[in-house]
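Enquirer: Dropping a structure here in structure tokens format, bear with me for questions.
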Amino acid sequence: MRSLVTRFSAAAAAAGALVPASVYAAAVEGAVQKQATNIEAIVMFMIFVLATLGITFWAARRTKSAKDFYAAGGGITGFQNGLAIAGDYMSAASFLGIAGLVYMSGFDGLIFSVGWLVGWPIILFLIAERLRNLGKYTFADVASYRFQQTPIRTLAACGSLATVTFYLIAQMVGAGKLIQLLFGMDYLWAVVIVGVLMIAYVTFGGMLATTWVQIIKAVLLLSGASFMAFAVLAKFGFSPEAMFSKAVSVHPKATAIMAPGALISDPISAISLGMALMFGTAGLPHILMRFFTVSDAKEARKSVFYATGFIGYFYILTFIIGFGAIVLLLAPDATGAYPFLTTAPAAGALANPATIIGGSNMAAIHTAHAVGGNLFYGFISAVAFATILAVVAGLTLAGASAVSHDLYASVIAKGRASERDEIRVSKITTVIIGIVSIFLGIAFENQNVAFMVGLAFVIAASANFPILLMSMFWGKMTTRGAVMGGWLGLISSVTLLVLGPTVWKSVLGNPAAIFPYDNPGAFTIPLSFIAIWFFSITDNSQTAQDERRSFEAQYIRSQTGLGAEGASAH
Amino acid sequence: MKENAQRILANPKFQELVQKRSAFAWTLSVAMLVIYFGFILLVAFGKGFLGTPIGSGVTTWGIPVGLFTIISAFILTGIYVQRANGEFDELNRQIMEESK
């Protein structure tokens with residue numbers, strides 16, 4: 001333990017201090033220093049990699065058609081898909097970031113957990129079954145169902161690629177730093193390993209391998225987190241009150257950790273953040289894509305039910321783990337030492353949470369060490385790595401599908417590309433995305449990229465979600481309305497985010513932000529909907545009238561599944 | 001396919017399915033929005049209430065309110081899936097059967 005302490009500088013410890021706007025990707029902040037090689041973690045991670053590569057080999061032999069590649073043949077069950085969605089969605093940022101946020105400021109962590117969850121019921125009630133009935137491989141299939149293919153597919157592909165790219169950069173940089181911290185591996189190697197593995201999973205095993213990587217990761221993460229929360233609560237005789245009481249007594253913020261703090265300062269920020277979290281989830285291309293892997297609307301609904309259960313349960317666990325970190329890391333151990341802090345507090349004083357070794361994102365990892373010793377610490381480190389792999393594999397597949405299925409097959413080849421060509425383009429794109437993200441990961445190593453996950457959510461909520469929702473619900477929508485609404489949502493969200501405090505002030509170093517809010521969702525989401533409405537109702541062209549007439553057929557299919565894609569034969 | 005579609009549209013059961021399912025889905029959506037934005041507005045305007053201890057302990061009202069929001073999301077999805085995969089799918093099956 002001593003050697004671990006000396007390997008970290010105080011600067012590395014301070015780097016984990018959270019700023020509110022960046023909680024989205026808390027795991028990716030700040031500079032970190034390499035840790036001593038963590039043998040247990042490396043061995044367990046190797047086992048994970050070998051197992052998942054074995055699955056990829058198995059999946060590759062079963063992946064023949066485009067439907068196999070994009071949608072795992074449509075043969076995933078609702079329960080499996082629920083786990084895979086959970087595995088796709090529970091990123092390292094939400095595991096380490098929320099536990100770290102709870103450790104630093106208590107209750108505020110719960111606000112994010114809640115926001116990240118409540119999009120799921122909305123997806124179920126309004127989107128999942130219509131999406132499944134209308135679509136084939138990507139959400140653009142649905143958004144462009146009765147419209148002109150070229151403009152809508154181009155828009156949807158740009159929205160998808162923007163979301164995927166920003167999300168991916170945050171994940172790659174986070175992966176590099178985390179692995180450096182957990183495994184004692186160089187940043188460069190960490191990023192290359194993540195890039196190479198994700199290329200391998202996706203190009204060879206397609207959606208089937210990606211799905212199983214996500215399922216395994218979800219099971220590992222849920223079991224590991226359950227054990228930790230159980231072990232923490234067991235120390236207090238399973239009395240949350242006893243745990244909270246101890247936490248309040250050792251945390252410098254005392255009872256303030258039991259109430260909302262400075263994280264949300266004004267109502268507009270609160271609502272804006274809430275909207276981006278809730279509707280952004282319903283516009284993430286890698287999540288929407290998962291609904292095409294099940295056989296019908298019935299299984300699609302079941303997947304959301306299971307996913308909501310797993311994700312909600314997981315967020316409750318991270319909250320307990322965060323409090324576990326407070327009571328275990330900020331209180332002296334049996335020998336009176338503070339093994340997880342860089343500097344022990346002066347006699348009689350309370351420990352400072354910011355002195356945690358490796359920064360606040362390490363709170364969950366140190367808690368694993370405190371409750372389960374070296375072996376469990378290694379296990380949780382390996383799970384954190386596996387978590388990143390599962391998320392980047394899903395993102396890469398979604399990005400590759402946007403290029404091959406939407407841009408190549410529909411826009412460039414105008415629907416005349418053969419299935420084989422389409423898959424080939426998809427695999428080439430996967431390799432390109434993998435290589436590009438390795439380079440981006442290296443380029444952004446020393447940048448604060450935490451805002452990028454926020455950006456991904458705002459774009460998803462302001463560009464993808466409105467066109468998808470309106471195309472399914474509103475018969476009077478036209479191509480022009482969708483194009484204007486989608487592009488306005490995309491451009492306004494990127495612009496306002498850049499002009500906001502996080503990027504304009506903190507990242508670019510300007511004295512004051514031009515746009516006052518960190519999260520532009522409350523402005524850009526309504527803007528997109530209003531633009532769709534306005535430019536549709538004022539559109540009286542012949543094509544617009546044809547598009548309105550063809551809503552009836554789409555409506556019947558979306559409601560009943562008449563003519564919907566089924567599962568493939570095998 | 002086109003004839004099937006016309007038959008479906010003319011089937012009163014189709015209207016019934018669509019009406020019932022939409023009303024149900026929107027009701028639950030509104031319930032979720034009210035619960036969630038209620039929580040967010042409490043965070044924005046009712047910090048005092050969320051920070052008030054329950055009884056004489058340190059556990060505040062914020063904890064059960066937050067947990068309730070998480071659990072309600074799960075329960076609402078359960079309620080929808082229960083009815084959609086049972087009653088609505090049965091109705092849908094009949095509609096598809098009668099359209100052939």
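The values are calculated or read from the model by the stated rules, or taken from the named source; none is laboratory data. Quick caveat, the model's predicted, so the values are computed rather than measured. No Cβ is skipped: glycine too gets one built from the backbone with ideal geometry, and neighbour counts run over all protein chains shown.
Enquirer: Kindly check whether there is at least one residue in the range B:55-74 that is in contact (Cβ under 8 Å) with a residue 40 or more places away in the chain and more than 8 Å from chain A (Cβ to nearest Cβ).
Expert: Yes, because at least one residue in the range B:55-74 is in contact (Cβ under 8 Å) with a residue 40 or more places away in the chain and more than 8 Å from chain A (Cβ to nearest Cβ).
Enquirer: Output yes when any residue across the range A:282-300 is in contact (Cβ under 8 Å) with a residue 60 or more places away in the chain, within 8 Å of chain B (Cβ to nearest Cβ) and under 30 Å from A:THR524 (Cβ atoms), and no when none is.
Expert: For the range A:282-300, residues in contact (Cβ under 8 Å) with a residue 60 or more places away in the chain, within 8 Å of chain B (Cβ to nearest Cβ) and under 30 Å from A:THR524 (Cβ atoms): absent.
Enquirer: Being touching a residue at least 12 places away in the same chain (Cβ under 8 Å), in contact with a strand residue (DSSP E or B) (Cβ under 8 Å, 6 or more places away or on another chain) and either buried (at least 22 other Cβ atoms within 10 Å of the Cβ) or in a loop (DSSP other than H, G, I, E, B) (or both), is that true of even one residue in the range A:366-383?
Expert: Taking every residue of the range A:366-383 in turn, at least one turns out to be touching a residue at least 12 places away in the same chain (Cβ under 8 Å), in contact with a strand residue (DSSP E or B) (Cβ under 8 Å, 6 or more places away or on another chain) and either buried (at least 22 other Cβ atoms within 10 Å of the Cβ) or in a loop (DSSP other than H, G, I, E, B) (or both).
Enquirer: Give A:ILE467, A:ILE438, A:ILE491, A:ILE442 a once-over and let me know the one that is buried (at least 24 other Cβ atoms within 10 Å of the Cβ) and either of a type in the set (A, V, I, L, M, F, W, C) or closer than 18 Å to A:LEU273 by Cα (or both).
Expert: A:ILE467
Enquirer: Another question, if that's okay. So if I check each of B:ILE63, B:ILE75, B:ILE79, B:ILE95, which one is among the hydrophobic types (A, V, I, L, M, F, W, C) and touching a Lys or Arg at 6+ places or on another chain (Cβ under 6 Å)?
Expert: Just one listed residue meets the conditions, B:ILE95.
Enquirer: Which count do you get for residues in the range A:141-161 that are surrounded by fewer than 24 Cβ atoms within 10 Å (Cβ to Cβ) and within 18 Å of the chain's Cα centre (by Cα)?
Expert: The total comes to 1.
Enquirer: For A:THR138, are the conditions met, namely being modelled with pLDDT of 90 or more and either surrounded by fewer than 24 Cβ atoms within 10 Å (Cβ to Cβ) or touching a strand residue (DSSP E or B) at 6+ places or on another chain (Cβ under 8 Å) (or both)?
Expert: Spelling it out, it is not the case that A:THR138 is modelled with pLDDT of 90 or more and either surrounded by fewer than 24 Cβ atoms within 10 Å (Cβ to Cβ) or touching a strand residue (DSSP E or B) at 6+ places or on another chain (Cβ under 8 Å) (or both).
Enquirer: I'd like the full set of residues that are buried (at least 22 other Cβ atoms within 10 Å of the Cβ) and under 24 Å from the mean Cα position of the chain (by Cα), limited to the range A:34-47.
Expert: Of everything in the range A:34-47, those that are buried (at least 22 other Cβ atoms within 10 Å of the Cβ) and under 24 Å from the mean Cα position of the chain (by Cα) turn out to be A:ALA41, A:PHE45.
Enquirer: Please identify the pairs in which a residue from the range A:534-554 that is in contact (Cβ under 8 Å) with a residue 60 or more places away in the chain and surrounded by fewer than 12 Cβ atoms within 10 Å (Cβ to Cβ) has its Cβ atom under 9 Å from the Cβ atom of a residue that is of a type outside the set (D, E, K, R) and not in a helix (DSSP H, G or I), counting only partners at least 6 apart or on another chain.
Expert: These pairs meet every condition: A:SER541/A:THR478.
Enquirer: Is there a residue being assigned to a loop (DSSP other than H, G, I, E, B) and either within 14 Å of chain B (Cβ to nearest Cβ) or surrounded by 24 or more Cβ atoms within 10 Å (Cβ to Cβ) (or both) anywhere in the range A:116-132?
Expert: Yes: one or more hits.
Enquirer: Is there a residue in the range A:69-81 that is assigned to a helix (DSSP H, G or I), under 19 Å from the mean Cα position of the chain (by Cα) and touching a residue at least 40 places away in the same chain (Cβ under 8 Å)?
Expert: For the range A:69-81, residues assigned to a helix (DSSP H, G or I), under 19 Å from the mean Cα position of the chain (by Cα) and touching a residue at least 40 places away in the same chain (Cβ under 8 Å): present.
Enquirer: Something else: Considering A:LYS246, A:LYS235, A:LYS253, which residue is away from chain B (no Cβ under 14 Å), in contact (Cβ under 8 Å) with a residue 24 or more places away in the chain and basic (Lys, Arg)?
Expert: Among A:LYS246, A:LYS235, A:LYS253, only A:LYS235 is away from chain B (no Cβ under 14 Å), in contact (Cβ under 8 Å) with a residue 24 or more places away in the chain and basic (Lys, Arg).
Enquirer: Right, here's the next one. List the helices (runs of 4 or more DSSP H) that sit entirely inside the range A:484-570 and contain at least 2 residues that are within 14 Å of another protein chain (Cβ to nearest Cβ).
Expert: A:521-537, A:551-560
Enquirer: While we're here: Can you name every residue in the range A:332-343 that is surrounded by 15 or more Cβ atoms within 10 Å (Cβ to Cβ), in a loop (DSSP other than H, G, I, E, B) and not β-branched (Val, Ile, Thr)?
Expert: Correct list: A:TYR338, A:PRO339, A:PHE340.
Enquirer: Which ones in the range A:225-239 are surrounded by fewer than 17 Cβ atoms within 10 Å (Cβ to Cβ) and in a helix (DSSP H, G or I)?
Expert: A:SER226, A:PHE230, A:ALA234
Enquirer: Could you pull out the residue among B:ALA5, B:ALA31, B:ALA44, B:ALA10 that is modelled with pLDDT under 90 and more than 8 Å from chain A (Cβ to nearest Cβ)?
Expert: Going through B:ALA5, B:ALA31, B:ALA44, B:ALA10 in turn, the sole match is B:ALA10.
Enquirer: Please determine whether any residue of the range A:261-269 is more than 24 Å from B:PHE68 (Cβ to Cβ), in a helix (DSSP H, G or I) and either within 7 Å of chain B (Cβ to nearest Cβ) or modelled with pLDDT under 90 (or both).
Expert: Yes: one or more hits.
Enquirer: Determine whether the range B:30-45 contains at least one residue that is farther than 26 Å from A:SER269 by Cα and among the aliphatic types (A, V, I, L, M).
Expert: no
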